[in-house]
Amino acid sequence: EGVTVGPHSVIGDHVVIGTHSRIGANTTIESGAILGAWCHIHSNVYVSGYVTAGDRCEIKPQSAIGTEGFGFAPDSKGLHHRIPHYGRLILGDDVSIGSNVNIDRGTFDSVKVGSGTKIDNHCHIAHNNNLGENCLLTAGFISAGSTNIGDRCAFGGRSSVNGHINITNDCVFSYPTTVHNDVNKPGQYGGFPLMSRVESIK
């Protein structure tokens, strides 16, 4: 009920679109994707069939979500062989995704973006990441694979997080920051190497 679909969009088989959602022009939603109610998928968006989104999610133009991650296994001759990704991407409620954002799905397990999290333009979230609830990721944020970020974390523009990193709840990272080790204590951080703002003032 109340769903609108713009011209030249492609909706795959067995896609579920919740009530009052809007799909812009030239958007592709692949087979099996599930979108909640009151979602707004703008024009020129790609949504993989491996995506499940909650209610009131927004995805702005030129973004691609649920794509296969960058995974290759080298053999003894130095040739690189693609690693298939069978996991999913799950968005909670009220997730906002800006323009030119790429979010990969998991290799085997699901990638999760928590409810209320907002992602600015030109961000990349690699495979096997998990983002907590009510996080803020500003423009140019990049995260390598297998990273876990807690609830209510905020990242200044062009911040980056190394792979296989765990960040606890309630952390704020200034522009531009590189997180290269686990962060186990809530607080404000910045710089490279990473330093708490309390330490930098001292």
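The values are calculated or read from the model by the stated rules, or taken from the named source; none is laboratory data. It should be emphasised that the depicted structure is a prediction, and the values quoted were computed from it without experimental measurement. All Cβ positions, glycine included, derive from the backbone under ideal geometry; neighbour counts span all protein chains shown. Please note that ligands, DNA and RNA were not included when accessible areas were found on the heavy atoms of the full protein model with its side chains. Shrake-Rupley method; radii C 1.70, N 1.55, O 1.52, S 1.80 Å.
Here are the numbers:
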quantity: The lone exception for residue 155 - which of (1) over 20 Å from residue 58 (Cβ atoms); (2) buried (at least 21 other Cβ atoms within 10 Å of the Cβ); (3) not hydroxyl-bearing (Ser, Thr, Tyr) it fails; calculated: (1)
quantity: Count - residues of the stretch 175-197 that are under 18 Å from residue 158 (Cβ atoms) and polar (S, T, N, Q); calculated: 3
quantity: The stretch 11-40: number of residues that are under 18 Å from the mean Cα position of the chain (by Cα) and among the hydrophobic types (A, V, I, L, M, F, W, C); calculated: 5
quantity: Residues of the stretch 19-48 that turn out to be of a type in the set (D, E, K, R) and within 14 Å of residue 8 (Cβ to Cβ), as a count; calculated: 0
quantity: Residue 37 being more than 16 Å from residue 110 (Cα to Cα), touching a strand residue (DSSP E or B) at 6+ places or on another chain (Cβ under 7 Å) and either part of a strand (DSSP E or B) or free of Cβ contacts under 8 Å to residues at least 24 places away in the same chain (or both); calculated: no
quantity: Residues (open to solvent by 50 Å² or more (accessible area, probe 1.4 Å) and not polar (S, T, N, Q)) located in the stretch 128-140; calculated: 133, 136
quantity: Enumeration of residues in the stretch 12-33 that are assigned to a strand (DSSP E or B) and either modelled with pLDDT under 95 or open to solvent by less than 70 Å² (accessible area, probe 1.4 Å) (or both); calculated: 17, 23, 28, 29
quantity: Residue check for residue 99: touching a residue at least 60 places away in the same chain (Cβ under 8 Å), of a type in the set (Gly, Ala, Ser), open to solvent by 10 Å² or more (accessible area, probe 1.4 Å) and at negative phi; calculated: no
quantity: Sole exception among (1) out of contact with any Gly (no Cβ under 6 Å at 6 or more places or on another chain); (2) closer than 21 Å to residue 132 by Cα; (3) in a loop (DSSP other than H, G, I, E, B) for residue 52, by number; calculated: (3)
quantity: Among the candidates 64, 37, residue that is more than 18 Å from residue 3 (Cβ to Cβ), open to solvent by less than 70 Å² (accessible area, probe 1.4 Å) and among the hydrophobic types (A, V, I, L, M, F, W, C); calculated: 64
quantity: Count of the stretch 117-127 residues which are over 9 Å from the mean Cα position of the chain (by Cα) and surrounded by fewer than 24 Cβ atoms within 10 Å (Cβ to Cβ); calculated: 4
